[in-house]
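A.B. asks: Attaching a single structure in structure tokens format; questions to follow.
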Amino acid sequence: MELFFSPMACSLASRIALYEADAQALFTQVDKAKRTADGRDYRQINPMGQVPALRTPGGWLLTENAAVLQYLAESFPAAGLLPEDADARSRVRQWLGFIATELHKAVFVPLLDPRAPADVKAYAMDKAALRLDVLQAHLQTREYLEGGYGIADIYLAVVLNWAPFAGVDLTPWPAVRAFHRRLQARDAVARATREEYALFQEEQRLRAA
Ligand SMILES: N[C@@H](CCC(=O)N[C@@H](CS)C(=O)NCC(=O)O)C(=O)O
């Protein structure tokens, strides 16, 4: 398998899932100019130019974070990253959709994009509270989003990593903050985040040079 990633982007969730599963993969970094670390034009691989993308052992390319995470969980069932119960799986898919559309795209993309106009950022910030309220109410009585730890938790933890960079202070949502800390304390999450943060800093250093 080959995972195309950018440091600290949503593709970090797939790295964490692979580490949780103790699975082997080639990790190929994609830069802002859409070139891979080994010099390929990434748009020839994924025309959207976005990460994550996963080259599967079958040779075909899978994109869309929620789909990649489900593929990884189903490829390595021993890691237990997706519940077996059908209803619980549906609820995990609900959370994946919520995180991808309501949090990642609606809130964090505009807040993190330096080209987004101020009123777009204000609109996105305005959307954040209700979504975090929903998470706060849900996580107040739970350790994870749905039963045991799994791919939706991983994706949420990665999105919450962006909060300080996006100017979102999580203090009013203590259960969300506690969830994030709980996730960060897991070995696979800590290792993947440490590795990608180092790559992220290196990328910033090269851009500033
Ligand atoms: N719909 C895609 C969106 C993925 C996405 O937004 N990836 C970001 C990183 S978190 C990216 O590659 N942004 C660069 C770009 O859009 O050119 C998915 O859910 O996987």
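The values are calculated or read from the model by the stated rules, or taken from the named source; none is laboratory data. Because the structure is predicted, anything quoted here is derived from the model rather than measured. No Cβ is skipped: glycine too gets one built from the backbone with ideal geometry, and neighbour counts run over all protein chains shown.
A.B. asks: In the set 179, 98, which member is within 13 Å of the ligand (Cβ to nearest atom), in a helix (DSSP H, G or I) and at pLDDT 95 or above?
C.D. replies: The unique qualifying residue is 98.
A.B. asks: Here is a follow-up. What's the total number of residues in the stretch 136-160 that are among the acidic types (Asp, Glu) and not in a helix (DSSP H, G or I)?
C.D. replies: Total satisfying the criteria: 2.
A.B. asks: Please pick out the residue among 70, 94, 50 that is under 18 Å from the mean Cα position of the chain (by Cα) and either aliphatic (A, V, I, L, M) or assigned by TED's automatic domain parsing to the domain that holds residue 168 (or both).
C.D. replies: Exactly one residue qualifies, and that residue is 94.
A.B. asks: Only one of (1) surrounded by 18 or more Cβ atoms within 10 Å (Cβ to Cβ); (2) more than 25 Å from residue 25 (Cβ to Cβ) is not met by residue 208, so which one is it?
C.D. replies: Residue 208 satisfies all of (1) surrounded by 18 or more Cβ atoms within 10 Å (Cβ to Cβ); (2) more than 25 Å from residue 25 (Cβ to Cβ) except (1).
A.B. asks: How about the stretch 182-197: which of its residues are exposed (fewer than 11 other Cβ atoms within 10 Å of the Cβ) and either in a helix (DSSP H, G or I) or touching a residue at least 24 places away in the same chain (Cβ under 8 Å) (or both)?
C.D. replies: Passing the criteria: 187, 194.
A.B. asks: How many residues does the stretch 24-64 contain that are farther than 19 Å from residue 76 by Cβ, assigned to a strand (DSSP E or B) and in contact (Cβ under 8 Å) with a residue 24 or more places away in the chain?
C.D. replies: 4
A.B. asks: Now, a different point. Looking only at the stretch 40-95, filter to residues that are on the phi > 0 side of the Ramachandran plot and within 16 Å of the ligand (Cβ to nearest atom); which one of those is surrounded by the most Cβ atoms within 10 Å (Cβ to Cβ)?
C.D. replies: 64
A.B. asks: Just to be sure I understand, how many residues within the stretch 168-181 are among the hydroxyl-bearing types (Ser, Thr, Tyr) and crowded, with 21+ Cβ neighbours inside 10 Å?
C.D. replies: Total satisfying the criteria: 0.
A.B. asks: Okay, moving on. Go through (1) over 18 Å from residue 199 (Cα atoms); (2) out of contact with any Leu (no Cβ under 7 Å at 6 or more places or on another chain); (3) within 11 Å of the ligand (Cβ to nearest atom) for residue 34 and report which single condition fails.
C.D. replies: Going through the list (1) over 18 Å from residue 199 (Cα atoms); (2) out of contact with any Leu (no Cβ under 7 Å at 6 or more places or on another chain); (3) within 11 Å of the ligand (Cβ to nearest atom), residue 34 breaks only (1).
A.B. asks: If you go through the stretch 105-158, how many residues are surrounded by 16 or more Cβ atoms within 10 Å (Cβ to Cβ), touching a residue at least 40 places away in the same chain (Cβ under 8 Å) and of a type in the set (D, E, K, R)?
C.D. replies: The number of residues fulfilling the criteria is 1.
A.B. asks: Quick one: would you say residue 133 is acidic (Asp, Glu), more than 15 Å from the chain's Cα centre (by Cα), in a helix (DSSP H, G or I) and not assigned by TED's automatic domain parsing to the domain that holds residue 11?
C.D. replies: yes
A.B. asks: OK, next. Of all residues in the stretch 101-119 being assigned to a loop (DSSP other than H, G, I, E, B) and of a type in the set (D, E, K, R), which is nearest to the ligand (Cβ to nearest atom)?
C.D. replies: Selected residue: 113.
A.B. asks: Restricting to the stretch 136-158, and then to whatever is of a type in the set (A, V, I, L, M) and under 16 Å from residue 188 (Cα atoms), can you tell me which residue is nearest to the chain's Cα centre (by Cα)?
C.D. replies: 158
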